[in-house]
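The values are calculated or read from the model by the stated rules, or taken from the named source; none is laboratory data. Owing to the predicted nature of the structure, the values given are computational and were not obtained by experimental measurement. With ideal geometry, Cβ positions are generated from the backbone for all residues, glycine too; neighbour counts draw on all protein chains shown. When the accessible area is computed, the model is the full protein with side chains, heavy atoms only, and any ligands, DNA or RNA have been set aside. Shrake-Rupley method; radii C 1.70, N 1.55, O 1.52, S 1.80 Å.
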Amino acid sequence: MTTLELIASALGVLSVWLTVRQNPLCWPIGLVMVSIYAWFFFEVRLYSQVLLNGVFAAMQVYGWWQWTRGSDSEGGRPVVGATATEVGVGLVVAVLGSVGLGVLMATATEAAYPWPDATLTAFSLLAQLWMALKRWQCWVLWIVVDTLYVAFFVFQEYWLTAGLYGLFTLLAVMGLREWRQARAAVHEHAAPADS
């Protein structure tokens, strides 16, 4: 357990909690957190995780832009549901990304666990994209992915990071509840205007 891992864990909890609360400060705090984690995962040779956190860094900027340029009365993007097409295409792309990244990591690097690392990376990217777009389904995917990450990090005896992902799982459950309530509130406000 290193100081960097402790700092990244604390920032990760704060970032996810702010995301659940729909506070745009989640994005710059998340940017610092994923940068620290990229270095941590590089040191332990989980290269898909390094790539994931590099992409997460770009997605933190994208999410911040999406959330602050939105269309509701407070100036932010409202919570909406992903369409069946978005879900289907997203899941197919994540599966294909898992296979492609797994092959790359297994053949071109000395990655410690190329296949589970690649799979969790691909589905994390999909969840992060849905989060940036404020699709409430991001939390369903995060619950599944974070639960699998707990097992993955326990297997490797990265106890603090496993604990962090356990907390992320609980926050994702809270996020699912709160974002679905926010979506319902948007529909209640929109209903009189539609009639």
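Just one of the numbered conditions (1) within 18 Å of residue 24 (Cα to Cα); (2) touching a Phe, Trp or Tyr at 6+ places or on another chain (Cβ under 9 Å) is not true of residue 133: (2). Taken as a whole, the condition of being at pLDDT below 90, hydrophobic (A, V, I, L, M, F, W, C) and open to solvent by 60 Å² or more (accessible area, probe 1.4 Å) applies to residue 39.
Residues in region 3-23 that are open to solvent by 40 Å² or more (accessible area, probe 1.4 Å) and in contact (Cβ under 8 Å) with a residue 60 or more places away in the chain: 6, 13, 17, 21, 22.
The selection criterion, being touching a residue at least 60 places away in the same chain (Cβ under 8 Å) and not in a loop (DSSP other than H, G, I, E, B), does not hold for residue 90.
Against the criterion of being closer than 20 Å to residue 42 by Cα, surrounded by fewer than 21 Cβ atoms within 10 Å (Cβ to Cβ) and not small (Gly, Ala, Ser), residue 109 qualifies. Looking only at residues of region 155-166 that are in contact (Cβ under 8 Å) with a residue 40 or more places away in the chain and surrounded by 17 or more Cβ atoms within 10 Å (Cβ to Cβ), we find that the one that is farthest from residue 117 (Cα to Cα) is 164. A single member of 145, 140 is modelled with pLDDT of 95 or more, of a type in the set (A, V, I, L, M), under 12 Å from the mean Cα position of the chain (by Cα) and closer than 14 Å to residue 49 by Cβ, and it is 145. All told, residue 68 meets the bar of being polar (S, T, N, Q), open to solvent by 20 Å² or more (accessible area, probe 1.4 Å) and in contact with a Pro (Cβ under 6 Å, 6 or more places away or on another chain). Would region 24-34 turn up any residue that is on the phi < 0 side of the Ramachandran plot, touching an Asp or Glu at 6+ places or on another chain (Cβ under 8 Å), open to solvent by less than 10 Å² (accessible area, probe 1.4 Å) and not charged (D, E, K, R)? Checking region 24-34: not a single residue is on the phi < 0 side of the Ramachandran plot, touching an Asp or Glu at 6+ places or on another chain (Cβ under 8 Å), open to solvent by less than 10 Å² (accessible area, probe 1.4 Å) and not charged (D, E, K, R). The set of residues in region 81-106 being open to solvent by less than 40 Å² (accessible area, probe 1.4 Å) and in contact with a Pro (Cβ under 9 Å, 6 or more places away or on another chain) consists of 101, 102, 105.
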